[in-house]
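Trainee: The following block contains the structure, expressed as structure tokens.
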Amino acid sequence: MGVTDVLGKNLSVAAVLALCLTGCAGAEKAGEHTAGVQADEELVVYCPHPPGLINPIVAEFESRTGIDVRVCTGGTGKLLGDVATREEPLCDVFWGGSLTTVRARQELFEPYISINEPMVLEEFKNTEGNLTRFTDMPSVLMVNTRLLGDLTIEGYEDLLNPELKGRIAMCSPSSSSSAWEQLINMLYAMGEGEPEEGWDYVEEFIANLDGVLLESSSEVYQGVADGRFTVGLTFEEGAAHYVAEGQPVKIVYMEEGVISRPDVVAIVKGTIHEAEAEQFVDFVTGLDAQQTISSQLDRRTVRSDVEEPSYLPDKGQLHIIWDDEELSGQKKALWLERFAGLYEKSVTAP
């Protein structure tokens, strides 16, 4: 049975969760990260992806391999911290998180080159030797068209409109890799390639948040879809899922420029399930999984032999820009501290 066969079935949420989210022990709902005891026979995967992507992929991996998978979900920053401190349940595979965020902690991961690496597009090659690219994730704006009214939102500059004050969904870049990527994108786009020149914009943008800063990336796209916010800063898949379902939302690719960054999958150093972890990396980057991810799960592939989702624009049509990845990595702690300081200033201002 192929991955597409699993996805074609009309499975209830409860049934899907039973298939692939076995914990963490004590968790009351999907997406909650809770400590527990790792069973030797389970492959433990830490994962910031939304359940809609996790569930069918993990269920099919279990079906094909007979390997039991235990998924612990949460924000990328929190999960990376748990890997570093060896929180229980001990992690075998880290699946998700932007390349910039995970590469800053690449010492946590075992060297491994997937059997699928020859089919990976050149721009997504595992040049580090231990960070396999999983999907391509442009930063975007998600707009609720029912709430848009006469407003025009075509890029970052439009988010400074006073009519949007308090109606913008943004997650803390300290807890979410997608929000961190948005901060990088802002700095380079609004600084016209010079990130230090982008901070004046960031300060004005933070003021227009009106003290609202969310804790997780899922709150952003869910909040826009539910009508609690007019616009949110998110990653493409977070918005594309609702577009594919015909919801009253649209994706805006910032006219000032879009940074498109891959996320990764990596094997945690010291895993006692190295062979099973390698199978997992190979599976999620394999042809079947990547075809399903592109055709049904709203993400762009990293493989050269898989077509992009038909309802998403060709990247050649977008104003793609690039940051200095080494500089962004070096400046991460400083930029996060500066963002937090500007946010604190905004909420304490009279």
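Trainee: Hey, does segment 127-136 have a residue that's over 22 Å from Y242 (Cα atoms), open to solvent by 40 Å² or more (accessible area, probe 1.4 Å) and either free of Cβ contacts under 8 Å to residues at least 24 places away in the same chain or among the hydrophobic types (A, V, I, L, M, F, W, C) (or both)?
Mentor: Yes: segment 127-136 contains one or more residues that are over 22 Å from Y242 (Cα atoms), open to solvent by 40 Å² or more (accessible area, probe 1.4 Å) and either free of Cβ contacts under 8 Å to residues at least 24 places away in the same chain or among the hydrophobic types (A, V, I, L, M, F, W, C) (or both).
Trainee: Conditions first: (1) open to solvent by less than 40 Å² (accessible area, probe 1.4 Å); (2) free of Cβ contacts under 8 Å to residues at least 60 places away in the same chain; (3) part of a loop (DSSP other than H, G, I, E, B). Y201 passes all but one, so which condition is the exception?
Mentor: (3)
Trainee: What residue, among those in segment 304-330 that are in contact with a Leu (Cβ under 9 Å, 6 or more places away or on another chain) and charged (D, E, K, R), is nearest to I251 (Cα to Cα)?
Mentor: Only one residue tops the list, namely D323.
Residue-wise test of (1) assigned to a strand (DSSP E or B); (2) among the hydroxyl-bearing types (S, T, Y).
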position: L80; (1), (2): no, no
position: V83; (1), (2): no, no
position: R86; (1), (2): no, no
position: L90; (1), (2): no, no
position: V102; (1), (2): no, no
position: S114; (1), (2): no, yes
position: T135; (1), (2): yes, yes
position: L147; (1), (2): no, no
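Trainee: What are the pairs with Cβ atoms under 6 angstrom where one residue, in segment 226-250, is of a type outside the set (A, V, I, L, M, F, W, C) and the other, located anywhere, is assigned to a loop (DSSP other than H, G, I, E, B) and at pLDDT 95 or above? Sequence gap at least six, or different chains.
Mentor: T230/R167
Trainee: Scan segment 228-272 residue by residue and report those that are assigned to a helix (DSSP H, G or I), of a type in the set (D, E, K, R) and either under 30 Å from P89 (Cα atoms) or open to solvent by 30 Å² or more (accessible area, probe 1.4 Å) (or both). If you could, list the steps in order and put the result at the bottom.
Mentor: As a first pass, look at segment 228-272 and keep what is assigned to a helix (DSSP H, G or I): 236-244.
Checking the rest, the ones that are also of a type in the set (D, E, K, R) come to 236-237.
The one that is assigned to a helix (DSSP H, G or I), of a type in the set (D, E, K, R) and either under 30 Å from P89 (Cα atoms) or open to solvent by 30 Å² or more (accessible area, probe 1.4 Å) (or both): E237.
Trainee: Is it the case that E192 is in contact with a helix residue (DSSP H, G or I) (Cβ under 9 Å, 6 or more places away or on another chain), surrounded by fewer than 16 Cβ atoms within 10 Å (Cβ to Cβ) and at positive phi?
Mentor: Values: in contact with a helix residue (DSSP H, G or I) (Cβ under 9 Å, 6 or more places away or on another chain): yes; surrounded by fewer than 16 Cβ atoms within 10 Å (Cβ to Cβ): yes; at positive phi: yes.
So E192 passes the test.
Trainee: Suppose we keep only residues that are more than 18 Å from I113 (Cα to Cα) and over 17 Å from the mean Cα position of the chain (by Cα) within segment 273-295. Which one would you say is modelled with the lowest pLDDT? Let's see the steps before the verdict.
Mentor: First, pick out the residues of segment 273-295 that are more than 18 Å from I113 (Cα to Cα): 288, 291-295.
Checking which are over 17 Å from the mean Cα position of the chain (by Cα) leaves us with 288, 291-292, 295.
Working: D288: 96, Q291: 95, T292: 93, S295: 89.
That would be S295.
Trainee: May I pose another question? Can we say V212 is open to solvent by 30 Å² or more (accessible area, probe 1.4 Å) and aliphatic (A, V, I, L, M)?
Mentor: Values: open to solvent by 30 Å² or more (accessible area, probe 1.4 Å): yes; aliphatic (A, V, I, L, M): yes.
Yes.
Trainee: Which one of Q222, Q291 is among the polar types (S, T, N, Q), assigned to a helix (DSSP H, G or I) and touching a residue at least 60 places away in the same chain (Cβ under 8 Å)?
Mentor: On the way: Q222 fails: touching a residue at least 60 places away in the same chain (Cβ under 8 Å).
Answer to the check: Q291.
Trainee: Any residue that is touching a residue at least 60 places away in the same chain (Cβ under 8 Å), assigned to a helix (DSSP H, G or I) and open to solvent by 60 Å² or more (accessible area, probe 1.4 Å) - is there at least one of those in segment 303-319? Break it down into steps so the answer makes sense when it comes.
Mentor: Keep residues of segment 303-319 that are touching a residue at least 60 places away in the same chain (Cβ under 8 Å), which gives 303-305, 309, 311-313, 315, 318-319.
Retained after the next criterion (residues that are assigned to a helix (DSSP H, G or I)): 315.
Filter again for open to solvent by 60 Å² or more (accessible area, probe 1.4 Å), leaving none.
No: segment 303-319 contains no residue that is touching a residue at least 60 places away in the same chain (Cβ under 8 Å), assigned to a helix (DSSP H, G or I) and open to solvent by 60 Å² or more (accessible area, probe 1.4 Å).
Trainee: In segment 137-168, which residues are in contact with a helix residue (DSSP H, G or I) (Cβ under 7 Å, 6 or more places away or on another chain) and either without any contact (Cβ under 8 Å) to a residue 12 or more places away in the chain or not β-branched (V, I, T) (or both)?
Mentor: M137, P138, S139, M142, N144, L151, T152, Y156, L159, L160, L164, K165 - these are the residues of segment 137-168 that are in contact with a helix residue (DSSP H, G or I) (Cβ under 7 Å, 6 or more places away or on another chain) and either without any contact (Cβ under 8 Å) to a residue 12 or more places away in the chain or not β-branched (V, I, T) (or both).
Trainee: Hey, among the residues in segment 273-297 that are open to solvent by 10 Å² or more (accessible area, probe 1.4 Å) and in contact with a Leu (Cβ under 8 Å, 6 or more places away or on another chain), which one's farthest from V140 (Cα to Cα)?
Mentor: The selected residue is H273.
Trainee: For segment 47-71, what are the residues that are free of Cβ contacts under 8 Å to residues at least 60 places away in the same chain and either over 21 Å from V220 (Cβ atoms) or aromatic (F, W, Y) (or both)?
Mentor: V58, A59, E62, G66, D68, R70, V71, listed by residue number.
The values are calculated or read from the model by the stated rules, or taken from the named source; none is laboratory data. These numbers were taken from a predicted model, which means no experiment stands behind them. No Cβ is skipped: glycine too gets one built from the backbone with ideal geometry, and neighbour counts run over all protein chains shown. Accessible surface areas use protein heavy atoms only, side chains included; no ligands, DNA or RNA. Shrake-Rupley method; radii C 1.70, N 1.55, O 1.52, S 1.80 Å.
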